[in-house]
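Data first, discussion second: the structure below is written as structure tokens.
What follows is calculated from the coordinates using simple rules that are stated; it is not laboratory data. Predicted model only: the values in this text are computed from it and were never measured. Heads up, the Cβs are rebuilt from the backbone with ideal geometry, glycines too, and the neighbour counts pull from every protein chain shown.
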Amino acid sequence: MVVSQDKDFLERIRKLSYFGINKKAFERYEKKGTWFYEIEENGYKFNFDSIHAAMGLVQLEKLDWMNERRRFLAKNYREKLNSEISFTADSKDHYHTYHLFPIILPDRVDRDEFATGLKEQNIGSSVHFIPLHRHSYYRDQVLTGKESFPIADQIFEKILSLPMFPGMSDEDLTDVCTAVNQIMERADG
């Protein structure tokens with residue numbers, strides 16, 4: 001799903017998401033439409049089928065509640081986690097939906113050991129995202145190994161996403177915060 005206030009941009013997305021077919025193709029089943037359509041540029045098959053669209057509509061009815069819950073969880077993470085942990089900046093112009101909650105660990109903490117510590121306490125985590133130049137396709141086919149991205153590499157080594165989903169209970173939140181803080185204390189050694 002894409003939302004924008006730019007109508008030209010939305011029309012381009014609509015066209016590219018359906019094989020690059022022109023706007024008239026969407027009218028072909030209407031009384032004023034015709035069977036003829038034309039592919040105007042190289043596009044993709046990214047349109048929803050009816051089942052996924054129906055599920056999406058039901059989820060949209062829950063969107064405000066889900067966003068509010070994730071904002072609540074994020075606020076609590078920010079308040080309860082060890083003070084050495086950094087967070088990505090919030091925007092002053094828009095509200096954040098927190099579909100992910102990445103933290104930035106201090107330099108003295110090894111991210112992979114930290115993730116293992118969480119896993120040992122049955123808490124899942126992930127890295128969002130692995131820089132593109134570290135993936136074999138981009139490294140071997142696109143970048144050919146000559147480029148350097150030190151800032152992306154530096155952030156990648158220290159970033160980790162904590163659990164974040166609307167159904168996360170207050171008890172889950174407490175468990176994650178407790179585990180994170182315990183691991184940070186052990187890292188103090």
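Centre-to-centre, using Cα atoms only, the range 143-187 and the range 59-74 are separated by 21 Å.
Dividing the convex hull volume of the alpha-carbon atoms in the range 61-120 by its residue count gives 109 Å³ per residue.
Can you tell which of 128, 99, 52 shows the greatest fluctuation in a Gaussian network model of the chain with Cα springs below 10 Å? Per the Cα network of the chain with a 10 Å cutoff, 52 tops the list. Applying 1/(1 + (r/R0)^6) with R0 = 30 Å to the Cβ-Cβ distance of residue 83 and residue 143 gives a FRET efficiency near 0.20. Note on residue 8 and residue 171: with the Förster distance fixed at 45 Å, the Cβ-Cβ geometry gives a FRET efficiency of about 0.40.
List the longest stretch of the chain that has no exposed loop site; here a site is one of the chymotrypsin sites (Phe, Trp or Tyr not before Pro) assigned by DSSP to anything other than H, G, I, E or B, with at most 15 other Cβ within 10 Å. By the stated rule (loop sites, at most 15 other Cβ atoms within 10 Å), 130-189. Projecting the alpha carbon convex hull of the range 127-182 along each direction and taking the average yields 5.4 nm². A DSSP coil position with no more than 16 other Cβ atoms inside 10 Å describes the following GluC sites (Glu not before Pro) in the range 9-48: 30, 38, 40, 41. Exposed loop sites were defined as trypsin sites (Lys or Arg not before Pro) in DSSP loop states (anything but H, G, I, E or B) carrying at most 10 other C-beta atoms within 10 Å; in the chain the longest segment without such a site runs 33-91. The largest-to-smallest principal axis extents of the Cα set in the chain are 73, 47, 32 Å. Largest mean-square fluctuation among 54, 179, 115, in a Gaussian network model of the chain whose springs join Cα atoms under 10 Å apart, belongs to 54.
Of the GluC sites (Glu not before Pro) in the range 53-101, the ones in a loop by DSSP (not H, G, I, E or B) with at most 14 other beta carbons within 10 Å are 84. Applying the criteria of a DSSP loop state and at most 11 other Cβ atoms within 10 Å to the GluC sites (Glu not before Pro) of the range 94-189 yields 147.
Springs between alpha-carbon pairs under 10 angstrom, Gaussian network model over the chain: which of 49, 112, 170 fluctuates most? Its mean-square fluctuation being the largest, the pick is 49.
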